[in-house]
Amino acid sequence: MAPQFYAKGDRYVLNFCAKHLARELNEPRHHYNHPYAEDEKRSRILEPWRFPIVDSYNSSGDSNADDSNSGDAAANYDWNEVTFVYDARDREPMPSSISVVGTFGNLYEPIPLQPVHFLGDETGYFSITTVVPKGEVHTYHFWVDGAFELDSINPQRAILDNGKARSRFFTQFCTERITFERWEAAILERLTETILPFRTADGENFLNRYYHHLGRDLKAAQFRHAHRIDRSIGAVNFIDKLLAREESHYLGDYRICLDECDRLLRQRNPFREPNVMSREMYVELHQEMADGAVNGWDTARYANPNFFLQLVRRHAYTGAFSHPKYGGNAGAAGWAYLAERSPFAWRNAIESPLGVSADYRG
């Protein structure tokens, strides 16, 4: 599909702006431990990871549609709508030209944003929507009256190879590592294996019944977004994306504690890399963390390893059983696991290719 750009309906954009940006007060809000300056918009708005807006794709052809519940589901499935919003309410004078430039367009072509209106009046918001394949990561910036600007309401940043900063977003089903280094992801994957049920006898039985017997083509069709389904069914990928947006205030916890785990595992077995150490090594470490007393843990760096374990547990279970579009529950394997033990008819709730619903456009 060639790049396409259009203005979503004003009501669609304002439904997001009214909740997350339209605040008269300037005090920090919901920014947790983000290292933002108090005069940054990122520190003042509610849930700033919602921008740009990554949503399901509507191919109805109506550029003013305010919902995504139309069009052909099969054609829509591989794409997301991404809506960029520029907040110019505090600009004086109002910018005369606002464009977005990003890796999703034609050779970084500037795409003009359109003013958003309410009852015919200008609101100070500008927006433009594009269609981007699922599973991708992109960088961008705004071009405002001939000057470069990062997206002030998007907390995500990326440093390019040339050292320049850009705003960043990723679409649904993205499996590219954004937050973790390779070694961090490897240790975290082993930790989640000791938490999730998929390496138990029941879990192995599930995989044998629902996955291993499938032919290559069928695996590719039903589990094409799978991320190491035979191990953590994408829980690490889910956490990687979670720490890039909603819970980025916990990234420091992960950085310190994964480094502590790496150090301790290497002390306990200096002859093997942590990612290939025995399961028993991780079970022992998991139990010590559960008890809150890890032999050799540097409490000066991180006082409570049990808190970190509870954090990983919450994130791992959420990733294993949430909607697959968030990067975990690859191929809906977590839902299928639950369906084995309950009347959970998850296939009726979502669209093809994973489900059978003709109505859902999530």
- Query: With (1) open to solvent by 30 Å² or more (accessible area, probe 1.4 Å); (2) in contact with a helix residue (DSSP H, G or I) (Cβ under 9 Å, 6 or more places away or on another chain); (3) over 30 Å from ASN154 (Cα atoms); (4) not β-branched (Val, Ile, Thr) as the list, and ARG245 as the residue in question, which single condition is left unmet?
  - Reply: (3)
- Item | Residue match in region 54-63 (condition: modelled with pLDDT of 80 or more, of a type in the set (A, V, I, L, M, F, W, C) and within 25 Å of ALA147 (Cβ to Cβ)) | no
- Message: For PHE321, only one of the following conditions fails: (1) out of contact with any Lys or Arg (no Cβ under 9 Å at 6 or more places or on another chain); (2) at pLDDT below 95; (3) farther than 25 Å from TYR337 by Cβ. What is its number?
- Response: (3)
- Item | Pick from region 16-40, criterion more than 21 Å from the chain's Cα centre (by Cα) and within 23 Å of GLU81 (Cβ to Cβ), ranking: modelled with the highest pLDDT | ALA18
- Scan region 161-204 for residues that are open to solvent by 30 Å² or more (accessible area, probe 1.4 Å) and at pLDDT below 65 and jot them down. ARG199, THR200, ALA201, ASP202, GLU204
- Restricting attention to region 264-273, does a residue exist that is without any contact (Cβ under 8 Å) to a residue 12 or more places away in the chain and not in a loop (DSSP other than H, G, I, E, B)? yes
- Select from region 140-160 the residues that are open to solvent by 50 Å² or more (accessible area, probe 1.4 Å) and among the β-branched types (Val, Ile, Thr) and list them in ascending order. ILE159
- Message: Anything in region 101-149 that is closer than 23 Å to ASN15 by Cα and in a loop (DSSP other than H, G, I, E, B)? List them, or say none.
- Response: LEU113, LEU119, GLY120
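Which residues, counting only those in region 260-275, are touching a helix residue (DSSP H, G or I) at 6+ places or on another chain (Cβ under 8 Å) and open to solvent by 50 Å² or more (accessible area, probe 1.4 Å)?
ARG266, ARG268, ASN275
The values are calculated or read from the model by the stated rules, or taken from the named source; none is laboratory data. The model shown is predicted, which means the values in this text are computed figures rather than measured ones. Note that we place each Cβ from the backbone using ideal geometry, even for glycine, and neighbour counts take in every protein chain shown. All accessible areas refer to the heavy atoms of the entire protein, side chains included, with ligands and DNA or RNA removed. Shrake-Rupley method; radii C 1.70, N 1.55, O 1.52, S 1.80 Å.
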